[in-house]
Amino acid sequence: MKGIPSFGKIKQRRETSLVFLILLLLLVVTLRSPGFVSIKNLQRIINDTSILVMVSLGQFFVILAGGIDLSVGSIIGFSGMAASMLNEAQPTLPAFVVLLVGVLIGTAFGALNGALVAFGKVPPIITTLGTMSIFRGITFVLSKGQWVTAHEMTEAYMLLPHGNFLGISNLIWWGVLVSTVLYYVSRFTRSGREVFAIGGNKTAAKFVGVSERKITMMIFTISGMVSGLAGVMWTARYAAAVNETATGFELQTVAACVIGGVSIAGGSGAVSGVILGALFMGIINNALPVINLSPFLQLFIQGAIVLFAMLINTLSEVRRGKKLLQERLA
Amino acid sequence: MMLGTHNNRQETHKSDLVNVTRLINETSLKERMITLFTKWEVILGLLLILVFVYFSNLTPYFLNSFNLLNTTFTFTEKAIMALPMIFIIMSGDIDISVASIIALCSFAMGYASSLGADTWTLVAIGVVVGLAAGLFNGFFVTKVGMPAIAVTLATQSIFRGIPQAVLGDKAYTKYPQSFAYFGQGYLGESLIPFSLVFFLVLAAIMGFVLHKTRYGRKVYAIGNAKEAARFCGVQVNQIRFINFALMGLFSGIAAVLLTSRIGSTRPNIALGYDMEVITLVVLGGVSISGGKGNLFGVIMAIFLLGYLKYGMGLINLSAKAMVITTGTLLIVAVLLPGFLDSIKAWRKLRRQQKTSTVAN
């Protein structure tokens, strides 16, 4: 079955239409503001979107298995705050260690979510709705409401995302690294395929010996891990750790997934689609001020895009189902 | 299971007897007590007493009838929203857009008020906009067939996005004087808040609907087994659609009370209410997987959480500590029934094992 896909298949794929959609969007924005599509600006947009790409890919695994993770924004907030405070308190500690601590915190929080779902039998939506408040609350407790600002961070810490390698910023490289690893996991590892199986048909997956507990633990831990990484990157990139960091970010990650063609009911989707979906969101966010729309419109536009993308997904699934039925009857 | 073959034959006899009596009298006092105290509403009641005892020991201001009645102002809006949320969660759905519906309704009322609308027009606008928002959710969930969590996650942003786009960082603060009654007024000359009485009336109506009408029985049926209910002729999607419409309507009512109470409309009004409302329902013993629970439990949960927060406020705990508490309660409320069930199952199993040992 492998080999070059036929033209018809390429035409049908969500990724293809997304690429065209993104090009169209860029064209429209360029008509209003010619400077938008310069190499420099595009690089800036990709840089801005790298964090969204990482966290969306974590969210992708959770949604793929039929769950949802609403706590990603709060995990970003806490790990970013904890890492920044560690950096402030111990400036001699290598930035890499601080990064590691942030990632570990995120991983632990993700594992807690996973354990509540897998062993406590608490549904994902309830678990993460609860931990969303808990994690955000303990961020305030940890920071006592204070911020960590640029002059309290070390140079090395801020270079984590701001540094350069081969003329491309480190943040983009981090995004590429996470994407590559998670692409490999989703396509070529046994556990990755099992996530698809659980999301597609839980009962059938259990019958062929897929451990639901293991997969649940895995997906929430992955989601927490990338959120932890994203928290460090976020605070270092914007050179500030505030208590409200990434509030409402969960919607953007879900948006990237559904725009990328991931079924919200689980079982279908691809890493490439999610990356394109995140880029689409990133371009929209960056284009709003350029075409003189109020940034206050952002929330409404994001919500509308999510609803519209899900509508298209649902309708195309219904159509595909009908087509299958007709083929079978014929 | 070679329990007591040789040396402790004496004891075997004793446990033998106990088991026999147990078999005859399954409802011995101890068993009855265990059944009673693992009942969810009883646990909530005990917790409520605990909250009262604990805080009245800590501070003399807790047990004050004026304070106790006045503090209901802070939770009647959420309590009103919890009523239709029972129906939604009972039938296996969820609505996380309710706080945003409040923002939308409050915005509509503020806008109308700035154009000079009178009090009753404002109330009508708030309620109608809420109903419309609920219908919007219901349409996408039942007619289009999208998952409730996905739809309401999107409308959470859409509904709040509208006031945010228009208001930005500004606020509506001009409301007619008489509008303040709904959220601030007392019944006649008494100390009883109007909103508390209004909530109790709504609760009585919704309790009747849930427990005494066909519609209520159908909600339970859907929650227990959606497919089976469909095969029995329950129009599942119609019921779910009505649930979402009710949710919108009640959110509209809550928006009237809240706007009237605080007298202003900002885009961030009622932020975080969705989690609290869901917590009330789940804490009240309504199963998130559907089909279990009753209205009385939710009422208990409303007063438990309300007075817990009131007490925490009196001893100067920060708002963030309350948010952490609410989040933890939400998870524990779902975690605990499963835990109790497995303990019950384990006790039953052990009893059966003992009985079979004796029989051998």
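The values are calculated or read from the model by the stated rules, or taken from the named source; none is laboratory data. A quick note: this is a predicted structure, and the numbers were derived from the prediction, not measured. Note that each Cβ is placed from the backbone with ideal geometry, even for glycine, and that neighbours are counted across all protein chains shown.
A Cβ distance below 8 Å, combined with a sequence gap of six or more or placement on separate chains, defines the contacts here; from the stretch B:161-188, residues that are free of Cβ contacts under 8 Å to residues at least 12 places away in the same chain and assigned to a loop (DSSP other than H, G, I, E, B) reach no residue that is buried (at least 16 other Cβ atoms within 10 Å of the Cβ) and among the acidic types (Asp, Glu). Considering (1) among the polar types (S, T, N, Q); (2) more than 13 Å from chain B (Cβ to nearest Cβ); (3) over 30 Å from A:Pro34 (Cβ atoms), the lone condition that A:Thr314 does not fulfil carries the number (2).
Taking the criterion of being small (Gly, Ala, Ser) and closer than 25 Å to A:Ser169 by Cβ, the residues of the stretch A:203-239 that qualify are A:Ser223, A:Gly224, A:Ser227, A:Gly228, A:Ala230, A:Gly231, A:Ala236, A:Ala239.
Applying the condition of being at pLDDT 85 or above and surrounded by fewer than 23 Cβ atoms within 10 Å (Cβ to Cβ) to the stretch A:108-121 and asking which residue is farthest from the chain's Cα centre (by Cα) yields A:Phe119. Number of residues in the stretch A:122-161 that are within 14 Å of chain B (Cβ to nearest Cβ) and either of a type in the set (Gly, Ala, Ser) or under 22 Å from the mean Cα position of the chain (by Cα) (or both) equals 18.
Would you check if there is a residue in the stretch B:85-96 being aromatic (Phe, Trp, Tyr) and under 22 Å from A:Ile125 (Cβ atoms)?
Yes, the stretch B:85-96 contains at least one residue that is aromatic (Phe, Trp, Tyr) and under 22 Å from A:Ile125 (Cβ atoms).
Being of a type outside the set (S, T, N, Q), closer than 26 Å to B:Ala154 by Cα, more than 7 Å from chain B (Cβ to nearest Cβ) and assigned to a loop (DSSP other than H, G, I, E, B) is a property that holds for A:Gly67.
Each residue in the stretch B:184-232 was checked for being among the aromatic types (Phe, Trp, Tyr) and under 30 Å from B:Asn70 (Cβ atoms), and 5 pass.
Residue-level check: of (1) surrounded by fewer than 22 Cβ atoms within 10 Å (Cβ to Cβ); (2) in a loop (DSSP other than H, G, I, E, B); (3) within 14 Å of another protein chain (Cβ to nearest Cβ), A:Val210 misses just (3).
Residue under question is B:Leu196, and the condition is that it be surrounded by fewer than 15 Cβ atoms within 10 Å (Cβ to Cβ) and more than 14 Å from chain A (Cβ to nearest Cβ); does it hold? No; evaluated as a whole, the condition is false for this residue. Looking at the stretch A:228-246, is at least one residue in contact (Cβ under 8 Å) with a residue 60 or more places away in the chain, surrounded by fewer than 22 Cβ atoms within 10 Å (Cβ to Cβ) and within 14 Å of chain B (Cβ to nearest Cβ)? The answer is yes, given that some residue of the stretch A:228-246 is in contact (Cβ under 8 Å) with a residue 60 or more places away in the chain, surrounded by fewer than 22 Cβ atoms within 10 Å (Cβ to Cβ) and within 14 Å of chain B (Cβ to nearest Cβ).
The residue pairs whose first member lies in the stretch B:140-153 and is over 11 Å from B:Arg240 (Cβ atoms), whose second member is assigned to a loop (DSSP other than H, G, I, E, B) and at pLDDT 85 or above, and whose beta carbons are closer than 6 Å, counting only pairs six or more residues apart or on different chains, are B:Phe140/B:Met146; B:Ile149/B:Ile94; B:Thr152/B:Asp95; B:Thr152/B:Ile96; B:Thr152/B:Ser97.
The residue that is nearest to the other protein chains (Cβ to nearest Cβ), among those in the stretch A:253-270 that are of a type in the set (A, V, I, L, M, F, W, C) and surrounded by fewer than 24 Cβ atoms within 10 Å (Cβ to Cβ), is A:Ile264.
Name the residue, out of B:Phe159, B:Phe179, that is buried (at least 16 other Cβ atoms within 10 Å of the Cβ), more than 25 Å from A:Ser263 (Cα to Cα) and either within 14 Å of another protein chain (Cβ to nearest Cβ) or over 27 Å from the mean Cα position of the chain (by Cα) (or both).
B:Phe179
Does the stretch A:271-293 contain at least one residue that is within 13 Å of chain B (Cβ to nearest Cβ), touching a helix residue (DSSP H, G or I) at 6+ places or on another chain (Cβ under 9 Å) and surrounded by fewer than 16 Cβ atoms within 10 Å (Cβ to Cβ)? Checked against the condition, which is being within 13 Å of chain B (Cβ to nearest Cβ), touching a helix residue (DSSP H, G or I) at 6+ places or on another chain (Cβ under 9 Å) and surrounded by fewer than 16 Cβ atoms within 10 Å (Cβ to Cβ), the stretch A:271-293 yields at least one hit. I'd like the full set of residues that are closer than 23 Å to B:Lys39 by Cα and free of Cβ contacts under 8 Å to residues at least 12 places away in the same chain, limited to the stretch B:319-342. Hits for the stretch B:319-342 are B:Thr328, B:Ile331, B:Val332, B:Leu335, B:Leu336, B:Gly338, B:Phe339, B:Asp341, B:Ser342.
Screening the stretch B:92-117 for residues that are hydroxyl-bearing (Ser, Thr, Tyr) and surrounded by 24 or more Cβ atoms within 10 Å (Cβ to Cβ) and picking the one that is farthest from B:Thr152 (Cα to Cα) gives B:Ser106.
Yes or no, residue by residue, for (1) modelled with pLDDT of 55 or more; (2) loosely packed, with under 14 Cβ neighbours inside 10 Å:
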{"site": "B:Val18", "(1), (2)": "yes, yes"}
{"site": "B:Leu23", "(1), (2)": "no, yes"}
{"site": "B:Ser28", "(1), (2)": "yes, yes"}
{"site": "B:Leu48", "(1), (2)": "yes, no"}
{"site": "B:Phe55", "(1), (2)": "yes, no"}
{"site": "B:Ser65", "(1), (2)": "yes, yes"}
